[in-house]
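This report concerns only the one structure given below.
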Amino acid sequence: MGFSFIPQSFRVFHHNYSRQKFLNDIMAGIIVGIVALPLAIAFAIASGVKPEQGIYTAVVAGFLISIFSGSRVQIGGPTGAFIIVVFGIVQEFGYGGLMVATMMAGVILVCMGLSKLGAAIRFIPYPMTIGFTSGIALIIFTTQVKDLFGLNIPDGSANFIGRCVDYAQNFSTMDYNTMAMGGATLVIMAIWPRVTRKIPGSVIAIIATTIFVFMLDLPVDTIGSRFGSIPTMLPKPSFPHFSFELIHKLMGPAFTIAILAAIESLLAAVVADGITGDRHNSNMELVAQGIANIVVPIFGGIPATGAIARTATNIKSGGTTPVAGIVHAATLLLIMVCFGRWATLIPMATLAAILMVVAYHMSEWRYFLKLFKSPKSDVFVMLITFALTVFVDLTIAIEVGVVLSAILFMNRMADTTIIRRTTVEMETDHHSLRDRVVPQGVEVFEIHGPFFFGAANRFKDTLQIVGKTPRVLIIRCRHILFMDATALHAMEELLDKTLKDGTTLLLSGVHAQPLITLEQSELYYRIGEDNIHGNIDVALNRARQLMDLPELPLPVPFVPTVEREKV
């Protein structure tokens, strides 16, 4: 694996780690731990699991991600991106199925990191990312309406349309005390940043509404009334039951979890680099996420990844090394041990309001609207991914989004490949035909750009413009740096046609990769070594030889003016 797979935590003490930095990391870790508590609980509840499982995840995954991270300031834990897929897995396969899917995703992430695919994740198209992120945000927002208003919907619909219909039909059942707690939370979170940004409004809202409900004994739904008590210690390690059938069924969801974890963690690391001026190791980051997701289900947790908001909070609070992330995990564990029983008093409406604010910021609605000014193909990918996320399934949305993006990319690449019939009048560069004599009965075509399957049909169509069958057909390949199997097949079909028509096929200016591809396919030998040349002059003389015409002297190689002066 080498030096590139050394976690940042192993390098901390080699870079003048001072007492002041240590104190800053401790303070930042405590602040982030406090910030992470309500989010961990809220994400767990919204995902269809117990509130304490969110805390377990933040503690275990937060610790492991900080230990093995490729970023110095990354903070890991449960995030809103996983809510939809986790909820779906739990509903269909139970928590045991979620354990298996999470561990599978962890293995996928480790393999991605060890295969050095960290940089490749960055190539996932921005419209697709915005599409499924905005879709996730909309679903999170709508799922919290019931708890925000205290609606009485015993058996609510699981799909988006059905959920909206349920809300419309049962809106008259809203509870005013619950709505007041939710409204108070939203007001506090909106106003508090004007007071200070060191302590987030979500923490103040939870403290204020919990005290208010407890002191007045308001009849509102709380964590305790819905889920009972919260344990004050981590659970004993336990392993899920694996079966080939279950693994097969969970392959899609596991892949989705892995992709979401990779995207969000690397995005958080990039954001952190932008703030700190540091550079993260994307492959080590994926390995860290994988290790965390393999281990966290053993301690009752849910999928985890690097969290953008908590990572930014860590930096702004003074955190500079993975020590802050470790302290954040220890802070959460201490809060759970000492104050876990008080968490049962938190109103559900407060958590719903917090999640709505998270969804609002997660939606990236400004960028969503801005993308409508982009090319229609990008808008199409964004809307399809968004619609599938909201109305069908996140796993399908990501799969379709990746396929659509790849197809559109290949179409754009094919558009950059120009295949044309070459004439003397068309060319002006020193390698052109302007100063060369092309005998009658010789046709010259040139390919500009990558010659792959997307351009193969265009190659065939362009060759149809030849009227009278030429005696010699020269294909100039000087601008082809890449040739794939489909392009090779098109070239083979062309060779078959020329042999049938009595035309000799010549290639000129063939680069290394296309030449190796031709040799490996044995097409090189079918065309003939005498018919594959390094430049157009040799190819034209070969054409003259085939037509029993006298060969012309080869021109003096072109030397730029600067080089001539040196000589």
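Figures for the structure shown
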quantity: Residue in the stretch 229-236 that is of a type outside the set (Lys, Arg) and either assigned to a helix (DSSP H, G or I) or over 25 Å from Val60 (Cα atoms) (or both) present; calculated: no
quantity: Residue in the stretch 148-191 that is farthest from Ser225 (Cα to Cα), counting only those that are surrounded by 15 or more Cβ atoms within 10 Å (Cβ to Cβ) and among the aromatic types (Phe, Trp, Tyr); calculated: Phe160
quantity: Single residue of Thr422, Thr428 found to be of a type outside the set (Lys, Arg) and either surrounded by fewer than 17 Cβ atoms within 10 Å (Cβ to Cβ) or modelled with pLDDT of 80 or more (or both); calculated: Thr428
quantity: Filter result (in a helix (DSSP H, G or I) and in contact with an Asp or Glu (Cβ under 8 Å, 6 or more places away or on another chain)) within the stretch 66-118; calculated: Ala81, Gly88, Gly113, Gly118
quantity: Which listed residue, of Ile136, Ile140, is in contact (Cβ under 8 Å) with a residue 24 or more places away in the chain and within 23 Å of Arg226 (Cβ to Cβ); calculated: Ile140
quantity: Hey, Gly88 free of Cβ contacts under 8 Å to residues at least 60 places away in the same chain and either surrounded by fewer than 24 Cβ atoms within 10 Å (Cβ to Cβ) or hydrophobic (A, V, I, L, M, F, W, C) (or both) or not; calculated: no
quantity: Among residues of the stretch 483-503, those that are modelled with pLDDT of 80 or more and either of a type in the set (Val, Ile, Thr) or loosely packed, with under 15 Cβ neighbours inside 10 Å (or both), counted; calculated: 10
quantity: Residues located in the stretch 117-133, provided they are of a type in the set (S, T, N, Q) and either surrounded by fewer than 23 Cβ atoms within 10 Å (Cβ to Cβ) or without any contact (Cβ under 8 Å) to a residue 40 or more places away in the chain (or both); calculated: Thr129
quantity: Qualifying position, being assigned by TED's automatic domain parsing to the domain that holds Gly29 and free of Cβ contacts under 8 Å to residues at least 40 places away in the same chain, among Gly48, Gly62, Gly94, Gly70; calculated: Gly94
quantity: Number of the condition not met by Phe160 [criteria: (1) of a type outside the set (Gly, Ala, Ser); (2) under 30 Å from the mean Cα position of the chain (by Cα); (3) closer than 30 Å to Phe299 by Cα]; calculated: (3)
quantity: Of the criteria (1) surrounded by 16 or more Cβ atoms within 10 Å (Cβ to Cβ); (2) more than 17 Å from Val400 (Cβ to Cβ), which one Ile136 fails; calculated: (2)
quantity: Test: residue in the stretch 521-542 that is crowded, with 16+ Cβ neighbours inside 10 Å, in a strand (DSSP E or B) and over 39 Å from the mean Cα position of the chain (by Cα); calculated: yes
quantity: Residue within the stretch 127-148 that is at pLDDT 90 or above and assigned to a loop (DSSP other than H, G, I, E, B) present; calculated: yes
quantity: Evaluation of Ile211 against (1) part of a helix (DSSP H, G or I); (2) more than 36 Å from the chain's Cα centre (by Cα); (3) in contact (Cβ under 8 Å) with a residue 60 or more places away in the chain (one fails), failing number; calculated: (3)
quantity: Any hit, the stretch 155-176, residues being out of contact with any Gly (no Cβ under 6 Å at 6 or more places or on another chain) and farther than 29 Å from Gly88 by Cβ; calculated: yes
quantity: Some residue of the stretch 393-414 being modelled with pLDDT of 65 or more, part of a loop (DSSP other than H, G, I, E, B) and closer than 19 Å to Leu260 by Cβ; calculated: yes
quantity: Selection count where residues are under 16 Å from Gly274 (Cα atoms) and hydrophobic (A, V, I, L, M, F, W, C), scope the stretch 310-327; calculated: 2
quantity: In the stretch 242-257, the residues that are touching a residue at least 40 places away in the same chain (Cβ under 8 Å) and either closer than 11 Å to Leu98 by Cα or in a helix (DSSP H, G or I) (or both); calculated: Leu246, Ile247, Lys249, Leu250, Met251, Gly252, Pro253, Ala254, Phe255, Thr256, Ile257
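For every residue, the table says whether it meets (1) farther than 29 Å from Val220 by Cβ; (2) polar (S, T, N, Q); (3) in the same structural domain as Ile211 (by TED's automatic domain parsing); (4) free of Cβ contacts under 8 Å to residues at least 40 places away in the same chain.
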position: Gly340; (1), (2), (3), (4): no, no, yes, no
position: Tyr367; (1), (2), (3), (4): yes, no, yes, no
position: Ser374; (1), (2), (3), (4): yes, yes, yes, no
position: Val379; (1), (2), (3), (4): yes, no, yes, no
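The values are calculated or read from the model by the stated rules, or taken from the named source; none is laboratory data. Note that this is a predicted model, so its numbers are computed, not measured. Using ideal geometry, Cβ is built from the backbone for each residue, glycine included, and neighbour counts are taken over all protein chains shown.
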